[in-house]
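Asker: Have a look at this one before I ask anything.
Just so it is clear, none of the values below were taken in a lab; they were calculated from the coordinates. From a predicted model like this one, the values you see are computed outputs, not experimental measurements.
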Amino acid sequence: MKKLLLFGFIMVSQLLLAQEEKLVAVPDIPHEIIVNGDTIQEYTMPEIFIGVDIKDEKYRRDMIILRNRLRRVYPYAKATAENLVILNANLEKMSSNSDKRKYIKRSQKYLEEQFTEKLKKLSRNDGKILIKLIDRQTGQTVYKLIKEFKSGWKAFWSNTAARTFSLDLKSEYHPELYLDDFYIEVQLQYLFYSFELENRPAHKPINLNELRKQWSKKISTDEFFPSELRE
């Protein structure tokens, strides 16, 4: 799986560099124990939360995990967007297709050296978020970025292989449509605000306050939606 993610990212890496810069409850399970010669059945009681909303507690744990994932993968998405601008600008200056191919190949080699070991450490869930963030920062899916500089045939097979491991290279980032994407944006803004990540504007402007109001109205009071995100 990690090799697949690495493969996909390295293909995207052809777009990244223009100059050589470093860029649940426990079930009841009875069993017998001996106490002072008497056989007694012992039970494991289900886990009980006292004074804690289970859904709210799960949400908070999930958001901690999400923030950790964002810390790992956001820098790659940011580098993609920043270097894509430089790459396109430099390619426009080249009239020879041969020079363009050499330039892209040199960029790929550099990124293989710089990012291979780091990308091997990413999990499948890290990869899912990375793909979302690349679309957030560039306005293009990973699939489109691959297709732009590779044959459509190779892009098709890359996406097919990725789907086998639940990675959709055509995945788009829509915090206005998908609650999971909204949560990504909320935690991303938190990391920007706390200066844990360097803020770079999304390709398409995002108004977090308007998104919060939208989701607060869309999620009924019978469904779980964190109180701090409601109006």
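Asker: Out of residues 5 or more away from Thr141 or on other chains, whose amide H comes under 5 Å of its own, with H placed 1.01 Å from N in the peptide plane?
Answerer: Counting only residues 5 or more places away or on other chains, the set is empty.
Asker: If you don't mind, another one. Multiply the residue separation of Glu223 and Tyr190 by 0.36 nm, subtract the distance between their alpha-carbon atoms, and state the gained length in nm to one decimal.
Answerer: 9.5 nm
Asker: Let me ask something additional. In the structure displayed, which of Lys121/Lys213; Lys121/Lys218; Lys102/Lys144; Lys118/Lys213; Lys58/Lys144; Lys120/Lys147 lie more than 32 Å apart, Cα to Cα?
Answerer: Result: Lys121/Lys213; Lys121/Lys218; Lys118/Lys213; Lys58/Lys144 exceed 32 Å.
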